[in-house]
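The structure under discussion appears below in the form of structure tokens.
The values are calculated or read from the model by the stated rules, or taken from the named source; none is laboratory data. If you're wondering where the values come from, they're calculated on a predicted model, not measured in any experiment. Here Cβ is always computed from backbone atoms with ideal geometry, including for glycine, and neighbour counts include all displayed protein chains. Side chains included, ligands, DNA and RNA excluded: accessible areas come from the protein's heavy atoms. Shrake-Rupley method; radii C 1.70, N 1.55, O 1.52, S 1.80 Å.
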Amino acid sequence: MDMPDTVTSTEASASGSLDGDYDDAAGYYTPGSPLVDAKAPEGPIAERWQNRKFEARLVNPANRRKLDIIIVGTGLAGASAAATLGEAGYNVKTFCYQDSPRRAHSIAAQGGINAAKNYKEDGDSVHRLFYDTVKGGDYRSRESNVYRLAEVSTNIIDQCVAQGVPFAREYGGLLDNRSFGGVQVSRTFYARGQTGQQLLIGAYQALERQVAAGTVSMFSRHEMLELIVVDGKARGIIARDMITGEIQTHVADVVVLASGGYGNVFYLSTNAMGSNVTAAWRAHRKGAYMANPCYTQIHPTCIPVTGTHQSKLTLMSESLRNDGRIWVPKNQADCDKDPRDIPEEDRDYYLERIYPSFGNLVPRDIASRAAKYQCDDGRGVGPEVDGVRRGVYLDFADAIARLGRDSVEAKYGNLFDMYARITGEDPYSVPMRIYPAVHYVMGGLWVDYDLQSTIPGLFVTGEANFSDHGANRLGASALMQGLADGYFVLPHTIRDYLADGPFEPIAEDHPAVVEAQESVKGRIEHFLTVNGERSVDSYHRELGNIMWEYCGMERTETGLKKAIDLIRSLKDDFYRNVKVLGGAETLNQSLEKAGRVADFFELGELMCIDALNRRESCGGHFRGESQTEDGEALRHDEEYAYVSAWEWAGDDAAPVLHKEDLVYTAIEMKQRSYK
Amino acid sequence: MNLTLKIWRQQDASTPGAMHTYQLADVSPDMSFLEMLDVLNEQLNAEGEEPIAFDSDCREGICGMCGLMINGDAHGPEVTTTCQLHMRSFSDGETITIEPWRSDAFPVIKDLVVDRSAFDRIIQQGGFISVNTGSAPEAHSVPVPKDDADRAFNVATCIGCGACVAACPNGSASLFMGAKITHLGLLPQGQPERDERVVNMVAQHDHEGFGGCTNIGECTAACPKEIPLDVISQLNKDLRTAIKHGH
Ligand SMILES: Cc1cc2nc3c(=O)[nH]c(=O)nc-3n(C[C@H](O)[C@H](O)[C@H](O)COP(=O)(O)OP(=O)(O)OC[C@H]3O[C@@H](n4cnc5c(N)ncnc54)[C@H](O)[C@@H]3O)c2cc1C
Ligand code: SF4
Ligand code: FES
């Protein structure tokens with residue numbers, strides 16, 4: 001069972017307010033005009049989506065095959081949209097950087113997918129899922145969007161079951177549910193620990209069916225490197241064929257980005273090696289606003305780093321915290337001892353000590369921060385990497401004594417096996433070691449209620465947009481959002497835009513196409529000719545360290561300002577001193593990485609500026625300057641109940657901040673507390 | 001530990017390749033196999049030699065992107081994916097041979113990277129249930145016996161890595177195909193298209209140049225997801241039934 005992102009025992013009302021006008025980010029940005037979602041629906045919350053669907057114009061079936069749609073990404077958000085729009089008869093082109101659409105990183109999701117089916121008759125409803133999600137997001141999401149998400153969640157399960165997704169079932173043959181994210185109801189559907197895989201295979205198969213039907217053309221091993229904007233509208237992309245190196249132009253009537261999250265800006269994360277921000281960032285530079293880029297979710301139960309060779313981090317289900325006890329040695333001198341030799345009185349079960357009522361089950365961000373504090377304090381365990389031991393024990397000795405080894409094995413066997421395979425240690429006899437890792441980003445491209453960005457004709461779905469999770473995401477809700485966007489939301493909203501199409505054809509030599517082509521070729525040419533001293537990975541790792549240190553679990557004004565300076569000088573060095581071998585017209589993985597890291601530098605800087613501007617702690621964003629007397633997160637609704645939407649102003653100009661005010665009519669804002 | 005690595009290098013599909021030998025020192029047993037190759041690539045880059053191309057993405061054993069022949073075994077000596085193999089499975093001073101998947105249906109693209117798009121084309125021929133978005137009935141309207149659902153899940157865990165093909169002396173993709181046929185064939189939703197599915201998928205399989213199955217069983221031994229051999233019996237059974245039905 002995953003942990004509550006915001007389950008509260010005692011809910012304090014209204015937050016504290018700030019003394020005076022803070023603007024830590026002054027000088028780093030230019031204030032812009034307020035941003036309003038022009039598509040925001042009105043009326044009672046439960047009727048808004050029905051109304052919007054009705055108002056959105058229809059496209060005559062005979063016209064659909066004359067309309068070209070580009071979809072970048074084949075994860076849950078992209079594959080579901082491609083399949084659905086293909087079925088509707090549009091002409092779809094889909095892109096992914098892997099060798100097959102089935103490998104998008106949605107495949108790695110373990111825990112499950114939420115839906116308000118209320119099969120357990122335990123009081124769940126669309127409204128309760130809506131409420132939990134807004135509260136989980138710490139009141140920083142848009143209520144209309146979240147309500148719609150909860151509303152379509154039930155259709156997702158029907159669709160997936162019909163596709164043959166083998167969800168877990170009960171003996172009677174009906175679907176099983178579990179409670180996840182610490183919520184009080186059982187609404188999570190799952191397929192053992194491989195829910196993302198099974199959902200993605202379902203969407204992938206639906207996509208391949210459309211490929212066979214001729215409505216979808218699939219471009220695997222193609223990376224989008226630029227967006228084509230003509231007369232203010234998104235009209236296509238520039239993609240590189242990753243095998244031949246050919247730079248291709250693809251034009252369309254509309255472009256959809258479903259390119260996933262950018263957690264790899266931290267270098268180490270639970271994302272896939274190729275997860276990137278390039279598709280989104282190139283669109284940002286062309287006019288799409290980036291919303292809340294600093295909102296990052298850090299997951300407490302990951303396998304710790306073993307050395308500088310580490311290339312990625314592996315998540316283990318948080319359910320482990322139901323039975324495992326988390327501790328560190330009280331004395332630094334014990335940190336390198338065999339944990340079994342450390343007597344009970346010399347162990348600090350710090351979560352149980354600090355949070356007696358929630359203990360080891362405190363929410364993700366609290367558990368993560370607490371682990372960091374112990375390690376910063378010199379009481380971490382496991383191997384020393386860069387002079388610090390970053391790990392805490394997750395101990396099952398008591399659980400094994402209480403429940404017996406067999407029942408622990410029945411519950412957690414596959415996780416224990418995975419841990420043993422990666423670490424070479426036997427968690428049945430030696431306590432596991434865990435440490436937090438970057439897992440998900442709530443930030444992303446700004447979209448309106450129709451999922452359209454600030455560039456007309458550019459829609460954004462899944463983790464790549466910012467829309468539904470506010471400052472924090474509930475467990476099992478990202479899979480729900482990706483499929484909601486792709487199967488049930490986008491296909492309706494995009495038709496309103498396409499009703500005006502087909503748009504004027506665009507020639508290969510249109511100045512906007514030529515400009516986009518030249519910009520891509522220029523970057524490639526640059527990387528291949530610098531011929532410096534350092535590898536791309538070494539820069540990426542150093543950028544990741546900066547982000548993790550200063551824009552990770554705890555952010556402060558001084559730290560963030562320092563990070564911005566460090567990022568800027570590292571970026572300068574990167575452009576002057578990176579070493580990329582090989583050619584442009586061949587498979588060249590260093591070249592691919594160079595392009596992605598270049599964009600991560602710019603994103604990283606914006607994340608720090610965003611974090612600097614938001615001098616409050618909310619959801620996954622913890623500002624050291626904004627905490628209660630006993631060190632808990634403190635939100636400031638008076639000042640910060642807005643979405644930060646950043647506009648690119650040029651390479652040498654400060655970004656422009658547009659604020660979208662968050663207004664709640666169907667729900668009341670509350671402050672959380674776990675003590 | 002210190003290792004001698006013999007690695008296949010090939011510039012592109014049309015240029016012949018060859019084995020190259022590299023020395024790598026100070027390998028930590030905690031590294032994954034692919035992290036070991038990352039370290040080698042850093043070394044090559046520093047020395048001015050183009051890094052070795054190999055595929056990987058999730059690096060947690062689920063996406064199916066990675067896959068190498070290691071000392072002649074698909075995914076190496078353990079029952080797991082290449083990305084989940086760790087250097088503690090090897091010993092100091094060892095010589096390790098690393099090659100791409102070898103199969104006519106998986107041409108080499110560069111170095112250790114192969115083209116597995118034939119798998120996607122097999123799925124296109126029927127590895128799905130035809131149900132348009134929005135037309136699905138309420139999920140609980142059709143109960144599925146738990147045993148069937150569990151077994152469907154077990155075979156649906158195939159990650160499409162291609163190790164079964166690489167391990168098979170005939171280069172057959174029967175295990176991959178059998179896993180999909182069995183998954184969809186166990187579910188009530190999969191019945192209407194059952195005959196057509198198997199006939200069309202098998203035709204595409206043969207068309208792609210995969211070999212026939214002669215029940216050797218190397219596929220299941222190499223499979224990181226332990227897909228059992230009996231999915232191939234199911235495949236054959238479904239094929240016979242379809243033919244009997246006039247397909
Ligand atoms: C380890 C792990 C466990 C998780 N567990 C859960 C869970 O239990 N429940 C839950 O709800 N959520 C979970 N999540 C979160 C959830 O899996 C993701 O947020 C979600 O799957 C993202 O889906 P997506 O379709 O937006 O993006 P992705 O699945 O990441 O797909 C991105 C797609 O974009 C393509 N792409 C990216 N950039 C480019 C480019 N430049 N050019 C061309 N193509 C490009 C990729 O090839 C890929 O096809 C988990 C995440 C992780 C990492
Ligand atoms: S059957 Fe096994 S070896 Fe073959 S593709 Fe699937 S997971 Fe890989
Ligand atoms: S890299 Fe995904 S399975 Fe190995």
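Considering the stretch B:186-242 alone, what residues qualify as being of a type in the set (S, T, N, Q) and within 24 Å of B:Ala166 (Cα to Cα)? Reasoning before the result, please.
Restricting attention to the stretch B:186-242, the residues satisfying the condition of being of a type in the set (S, T, N, Q) are B:189, B:191, B:200, B:204, B:214-215, B:220, B:233-234, B:236, B:241.
Once the filter is applied, which keeps residues that are of a type in the set (S, T, N, Q) and within 24 Å of B:Ala166 (Cα to Cα), the stretch B:186-242 yields B:Asn200, B:Gln204, B:Thr214, B:Asn215, B:Thr220, B:Ser233, B:Gln234, B:Asn236.
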Problem - Residues that are touching a residue at least 60 places away in the same chain (Cβ under 8 Å) and away from chain B (no Cβ under 12 Å), drawn from the stretch A:507-541 - result: A:Glu508, A:His510, A:Ala512, A:Val513, A:Ala516, A:Gln517, A:Ser519, A:Val520, A:Lys521, A:Arg523, A:Ile524, A:Phe527
Problem - Single residue of A:Gly236, A:Gly307 found to be in a loop (DSSP other than H, G, I, E, B), touching a residue at least 24 places away in the same chain (Cβ under 8 Å) and not acidic (Asp, Glu) - result: A:Gly307
Exercise for the section: Look at B:Pro16 and say whether it is assigned to a loop (DSSP other than H, G, I, E, B) and surrounded by fewer than 19 Cβ atoms within 10 Å (Cβ to Cβ). Expected result: yes
Practice task
Please specify each residue of the stretch B:19-37 satisfying the condition of being in contact (Cβ under 8 Å) with a residue 40 or more places away in the chain and part of a loop (DSSP other than H, G, I, E, B).
Solution key: B:Val27, B:Ser28, B:Pro29, B:Asp30, B:Met31
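Hey, could you check the stretch A:394-442 for residues that are hydroxyl-bearing (Ser, Thr, Tyr) and part of a loop (DSSP other than H, G, I, E, B) and say which is least open to solvent (accessible area, probe 1.4 Å)? Spell out how you get there, then give the answer.
Taking the stretch A:394-442 first, the residues hydroxyl-bearing (Ser, Thr, Tyr) are A:407, A:412, A:419, A:423, A:428-429, A:435, A:440.
Filter once more, so that each one left must be part of a loop (DSSP other than H, G, I, E, B): A:428-429.
Values: A:Tyr428: 40, A:Ser429: 57 Å².
Taking the candidates together, the pick is A:Tyr428.
What do you reckon, is A:Gly462 under 27 Å from A:Ser33 (Cβ atoms), small (Gly, Ala, Ser), touching a strand residue (DSSP E or B) at 6+ places or on another chain (Cβ under 9 Å) and at pLDDT 95 or above? Please lay out each step first, then the result.
Details: under 27 Å from A:Ser33 (Cβ atoms): no; small (Gly, Ala, Ser): yes; touching a strand residue (DSSP E or B) at 6+ places or on another chain (Cβ under 9 Å): yes; at pLDDT 95 or above: yes.
No.
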Handout entry: Yes/no for B:Ser135 being open to solvent by 50 Å² or more (accessible area, probe 1.4 Å), within 19 Å of B:Glu193 (Cα to Cα) and more than 16 Å from ligand 3 (Cβ to nearest atom)
Key = yes
Problem - the stretch A:139-164, subset part of a loop (DSSP other than H, G, I, E, B) and open to solvent by less than 10 Å² (accessible area, probe 1.4 Å), residue farthest from the other protein chains (Cβ to nearest Cβ) - result: A:Tyr139
Practice task
Please state which one of A:Leu581, A:Leu570 is without any contact (Cβ under 8 Å) to a residue 12 or more places away in the chain and under 29 Å from A:Arg240 (Cα atoms).
Solution key: A:Leu581
Practice task
Answer yes if at least one residue in the stretch B:155-162 is surrounded by fewer than 24 Cβ atoms within 10 Å (Cβ to Cβ), over 14 Å from B:Leu235 (Cα atoms), assigned by TED's automatic domain parsing to the domain that holds B:Ala222 and away from ligand 2 (no atom under 14 Å from the Cβ), and no otherwise.
Solution key: no
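Quickly run through the stretch B:38-75 and pick out the residues that are away from ligand 1 (no atom under 16 Å from the Cβ), in contact (Cβ under 8 Å) with a residue 60 or more places away in the chain and crowded, with 24+ Cβ neighbours inside 10 Å.
Hits for the stretch B:38-75 are B:Gly67, B:Ala74, B:His75.
Per-residue answers, yes or no, for (1) of a type in the set (Val, Ile, Thr); (2) farther than 28 Å from A:Ala420 by Cα; (3) open to solvent by 10 Å² or more (accessible area, probe 1.4 Å):
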site: A:Glu208; (1), (2), (3): no, yes, no
site: A:Val211; (1), (2), (3): yes, yes, yes
site: A:Tyr267; (1), (2), (3): no, no, yes
site: A:Ala283; (1), (2), (3): no, yes, no
site: A:Thr296; (1), (2), (3): yes, yes, no
site: A:Thr306; (1), (2), (3): yes, no, yes
Fill in the blank from the handout: Matching residues in the stretch A:166-191 (open to solvent by 10 Å² or more (accessible area, probe 1.4 Å) and among the hydrophobic types (A, V, I, L, M, F, W, C)) number 4
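Scan the stretch B:150-164 for residues that are within 7 Å of chain A (Cβ to nearest Cβ) and outside any loop (DSSP other than H, G, I, E, B) and jot them down.
Taking the stretch B:150-164 first, the residues within 7 Å of chain A (Cβ to nearest Cβ) are B:152-153, B:156-157, B:160.
If the condition is that a residue be within 7 Å of chain A (Cβ to nearest Cβ) and outside any loop (DSSP other than H, G, I, E, B), then B:Ala152, B:Phe153, B:Ala156 are the ones that fit.
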Problem - Considering residues of the stretch B:173-210 that are within 12 Å of chain A (Cβ to nearest Cβ) and part of a loop (DSSP other than H, G, I, E, B) only, the residue nearest to ligand 1 (Cβ to nearest atom) - result: B:Leu187
Exercise for the section: Collect the residues in the stretch A:41-64 that are within 13 Å of A:Asn145 (Cα to Cα) and open to solvent by less than 50 Å² (accessible area, probe 1.4 Å), keeping them in residue-number order. Expected result: A:Pro41, A:Ile45, A:Arg48, A:Trp49, A:Arg52
Problem - Sole residue being in contact with a Cys (Cβ under 8 Å, 6 or more places away or on another chain) and either of a type in the set (Phe, Trp, Tyr) or touching a residue at least 12 places away in the same chain (Cβ under 8 Å) (or both), chosen from B:Thr81, B:Thr95 - result: B:Thr81
Handout entry: Unmet criterion (only one of (1) facing another protein chain (nearest Cβ under 7 Å); (2) touching a residue at least 40 places away in the same chain (Cβ under 8 Å); (3) closer than 30 Å to A:Leu490 by Cα) for B:Asn132
Key = (2)
Practice task
Could you check B:Gly127 against (1) within 16 Å of ligand 2 (Cβ to nearest atom); (2) outside any loop (DSSP other than H, G, I, E, B); (3) over 14 Å from the mean Cα position of the chain (by Cα) and say which number it fails?
Solution key: (2)
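Scan the stretch A:426-466 for residues that are under 26 Å from A:Ala252 (Cβ atoms) and under 12 Å from the mean Cα position of the chain (by Cα) and jot them down.
So the first thing to find is which residues in the stretch A:426-466 are under 26 Å from A:Ala252 (Cβ atoms), and the list is A:444-466.
Of everything in the stretch A:426-466, those that are under 26 Å from A:Ala252 (Cβ atoms) and under 12 Å from the mean Cα position of the chain (by Cα) turn out to be A:Gly444, A:Leu445, A:Thr461, A:Gly462, A:Glu463, A:Ala464, A:Asn465, A:Phe466.
For A:Ala484, are the conditions met, namely being touching a residue at least 60 places away in the same chain (Cβ under 8 Å) and more than 14 Å from chain B (Cβ to nearest Cβ)?
So A:Ala484 does not fit the description; no.
Starting from residues that are within 16 Å of ligand 2 (Cβ to nearest atom) and surrounded by fewer than 23 Cβ atoms within 10 Å (Cβ to Cβ), keep the ones in the stretch B:77-97 and report whichever is farthest from the other protein chains (Cβ to nearest Cβ).
Checking each candidate, the answer is B:Pro77.
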Completion exercise
Filtering the stretch A:81-110 for residues that are in a helix (DSSP H, G or I), of a type outside the set (A, V, I, L, M), at the interface with chain B (Cβ under 7 Å from one of its Cβ atoms) and under 27 Å from B:Val114 (Cβ atoms) leaves a count of 3
Practice task
Check off (1) in contact with a strand residue (DSSP E or B) (Cβ under 7 Å, 6 or more places away or on another chain); (2) within 30 Å of A:Glu585 (Cβ to Cβ); (3) within 16 Å of ligand 3 (Cβ to nearest atom) for B:Ala13 and give me the number that stays unchecked.
Solution key: (3)
Problem - Leading residue by the ranking (farthest from the other protein chains (Cβ to nearest Cβ)) among those in the stretch B:45-76 that are near ligand 3 (Cβ under 9 Å from one of its atoms) and of a type in the set (Gly, Ala, Ser) - result: B:Gly67
Fill in the blank from the handout: B:Asp147 passes all but one of the listed conditions (1) within 7 Å of chain A (Cβ to nearest Cβ); (2) more than 12 Å from ligand 2 (Cβ to nearest atom); (3) not in a loop (DSSP other than H, G, I, E, B); the exception is number (1)
